Amino acid sequence: MIAGYNSRPVFQYQFRPLANDHRAADGGFCIILYENGILSFSTYDVGGYFIDELCFSLPSRVLQCFFALLRNAGSWLGASPCDLRAANLTAYASSFAFDGYDPIRIWGINDLIVEPACSESGFFTRHIYVLFEDVANLFAENGIRLTLDGFTWDNQKITPFRKSQMYSSGRQGVV
């Protein structure tokens, strides 16, 4: 858990470019959705060191919908392997963590998505990707665009803040 947060994470996604990627000059990003409705977006340098963090306050409806998605995925999510790898070299690794389930790392998600339906890695990768897209759609309704390799937001719909601003604005009970 990120220092200073009193709420537990319920969803985490991490994008990490690998050495053979054209984006290898950056170290990727991580988003964490906390049970209090705060979404944290952190960026990293190529060495994996923390650069910056922005936070977003999401309405409670996002968490309600998120937990409904998780309940629907419960029939297969617990059976998913924790490490899925494509046969080919890959440009990045994706890591997914859903509340109550072991984290899942996928190397070469774009290759695994198109594997035959009868393959275990193809089956689970497609299901994880669809769940990820459903979560991303919840964020999109609130002005946040999350893709496998990117994160942006619409300043007209949502305004980011820094953790330190929460303490200075009297919102101490939120973090």
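Of note:
- Angle between the chain longest axis and helix 120-140 axis [Cα atoms, degrees, rounded to 10]: 20 degrees
- Scanning residues 5 or more positions from Ala93 or on other chains, those with amide H under 5 Å from its amide H are Arg16, Leu18, with H placed 1.01 Å from N in the peptide plane.
- Formal net charge of residues neighbouring Ser80 (Cβ-Cβ distance under 15 Å; K, R +1; D, E -1): -2
- For Cα extents along the principal axes in Å, computed directly from the structure shown, the correct entry in (i) 67, 42, 36; (ii) 53, 38, 29; (iii) 44, 34, 30 is (ii).
- Average accessible surface for the range 73-147: 46 Å² per residue, computed with a 1.4 Å probe over protein heavy atoms with every protein chain in place.
- Helix 60-77 and the longest principal axis of the C-alpha atoms of the chain enclose an angle of approximately 20°.
- Net charge contributed by nearby residues that have their C-beta within less than 13 Å of Ala136 (K/R +1, D/E -1): -3
- Looking at the chain, the DSSP beta bridges with both ends there are about 90 percent antiparallel.
- For Val130, the solvent-accessible surface with a 1.4 Å probe is about 80 Å², rounded to the nearest 10.
- Modelled label positions at Ile158 and Leu18, each set 7 Å beyond Cα in the direction of Cβ, lie 3.0 nm from each other.
- Total charge dipole magnitude, the chain, about the Cα centre, Cβ charges on Lys, Arg, Asp, Glu only, Debye to nearest 20: 480 debye
The values are calculated or read from the model by the stated rules, or taken from the named source; none is laboratory data. Keep in mind that what you see is a predicted model, and the values were worked out from it rather than measured. So basically every Cβ, Gly included, is an ideal-geometry build from the backbone, and we count neighbours across all protein chains shown. We work out accessible area using only protein heavy atoms, side chains counted, and drop any ligands, DNA or RNA first. Shrake-Rupley method; radii C 1.70, N 1.55, O 1.52, S 1.80 Å.
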